[in-house]
Amino acid sequence: MKRLVITTALGALIAAPALAQGAYRHADEEIGTVEQIYDGDLVPDLAVSTFRNIDRLFPTRTVAASDNPHPLEPAATPLGPVTVTVDEKTWDMDDFLALDSVTGMIVLKDGKVAYEIYQRGNGPDTRWMSMSLAKSVTSTLIGAAIKDGSISGMDALVTDYVPALKGSAYEGVTVEQILQMSSGVEWDETYTDPESDRRALLAAQIAQEPGGLMQVMAALPQAHEPGAVHNYSTGETSVASEIVVGATGKKLADYLEEKIWQPYGMEADAEWWLDSADGNEIGGSGLSATLRDFARFGQFFLDGGVIDGASILPDGWTDSAGLPVTLTGGDTVEYGLMWWPGWTEESIADKAYLAIGIQGQNIYINPTERVVIAVTAAQPEPLGKEPLDPLVMFDAITAALAAPE
C-alpha cells in the first residue's frame, strides 16, 4: 500500500495510508442546514460535522482524483515554535488553533510539508467546505479558458458567453470586470440579512431550478458604470462560472478535473455544489476538497500554473491575480482577480495573497518566500470574528521558515 507522511504539530513524522476513493467515514454524521450556515446558527460540533459534509446539502458533481498524486514530501526542517505579539498580547500556535477554531492546517515550504495538523476528528481523508475560497478556483478556470482560446480575452463581453444575461445590466460588462467585481451592477453581500441579494442568490440555489441563479443576476439594476467601482459580489462569481461553461461547453467540475485536478495530481475526489440536479456548479462556494488538495492548488498557483513544463494559464496570470486592481478612474482596490492581496506590512512586502472563505478557509501564497499555507476551520458564524487575524500568524510562520541570511 502506498504511504503518505504527515508532519504533526510537534514535528514528528507518522505514516498513514494513501487516500482511497470509497466510503466516506464522516458520511453518517448529523449536519445542519445551509440556512444555519449563513445565519451563523451552528453550535461548534454541528459546524464541524456540517462543514465536512456539505455535499449532503445540495446535489454535487465529482472532480475525480488523479491516479498519480502530486507528492508532498516532508521538509528537511519541520516548522519550529511560532509566536506573534498583537496589542501587547503574545499568541502561539496552540492559541491560534484553538481560538480560531482551526480543524486542519498544512504548511508547504518549497513544495514540501513543514507542518501538518488535524483536529476535531478530521484527517487527510476529510473533505472540507470552501465558501468564497472557491471563487479563486473559478477565476483560475477563467484564466485557463483564456489560455486555451475558449475565451477570447479579458476584454471579452460577458453576454458573449452567458446568453441569459443579454438585455440585463451585464450588457457591456467585460470578463475582466467580472473578475475584479467592478461590473457596476448593484449587489448587497450581507450574508446574515435575509433580504440581501446574497440571500436571494442562496434562495435560488435552494430552489434548485435550472437557470435560477442567472435569473437573480439578470434582474439586478445598474448602479455604476462598468469598471468604475468595486463591489464584492458572490453573484459575480456565479456569472464567472457561467462564462466558463458557456465558453468551453464543459461543466465547471469537469473542466477543473481536466485542466488542473488530474494533471497536477490531486489525491482525492472533490465535490462541487450544483444549482440544480445535473445543473451547473456554484462558482462562488461549495467546492469540497481535502486540506492537502487545497494546498496542492496553492502550490500549483505558486508555481505559475505550470504542469509538466507547460503553463495552463496566460503569461503573468499568477503574478498579477493576487495584486490590487486599478479601476477606470484610477482608484486602487485591495482586491485582485478573486484573490485577496495581503494587508499586513510583511505580506505586502512579499506580495503575498490569499483565497479566503467565510468561517475560516484560507489558502495563503507567498511567492517571495515560496510558502503555501492551507487552513480549514469551523467558525460558527460568517462574520470574520477570528480572535487572531490568520494573516498575522501566516506572516510569523513564513518568517520562521525563511532561510537565514
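Numerical summary
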| item | result |
| --- | --- |
| Residue satisfying condition, being of a type outside the set (V, I, T), within 21 Å of the chain's Cα centre (by Cα) and on the phi > 0 side of the Ramachandran plot, within set G111, G123, G143, G149 | G111 |
| From A200, A228, A223, A219, residue being surrounded by fewer than 17 Cβ atoms within 10 Å (Cβ to Cβ), aliphatic (A, V, I, L, M) and free of Cβ contacts under 8 Å to residues at least 40 places away in the same chain | A223 |
| Residue within segment 339-348 that is surrounded by fewer than 23 Cβ atoms within 10 Å (Cβ to Cβ) and either within 17 Å of Y264 (Cβ to Cβ) or of a type in the set (V, I, T) (or both) present | yes |
| Scope segment 44-55; condition at pLDDT 95 or above and surrounded by fewer than 16 Cβ atoms within 10 Å (Cβ to Cβ); matching residues | D45 |
| Lone qualifier among Y335, Y353 - being of a type in the set (S, T, Y), under 19 Å from Q180 (Cα atoms), touching a residue at least 24 places away in the same chain (Cβ under 8 Å) and out of contact with any Gly (no Cβ under 8 Å at 6 or more places or on another chain) | Y335 |
| Any hit, segment 370-390, residues being surrounded by fewer than 24 Cβ atoms within 10 Å (Cβ to Cβ) and not in a loop (DSSP other than H, G, I, E, B) | yes |
| Members of segment 67-79 that are surrounded by fewer than 11 Cβ atoms within 10 Å (Cβ to Cβ) and at pLDDT below 95 | A76 |
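The values are calculated or read from the model by the stated rules, or taken from the named source; none is laboratory data. What you see is a predicted model, and the numbers here were worked out from it, not measured in a lab. Because the Cβ atoms are built from the backbone with ideal geometry, glycine has one as well, and the counts that use them run over all protein chains shown.
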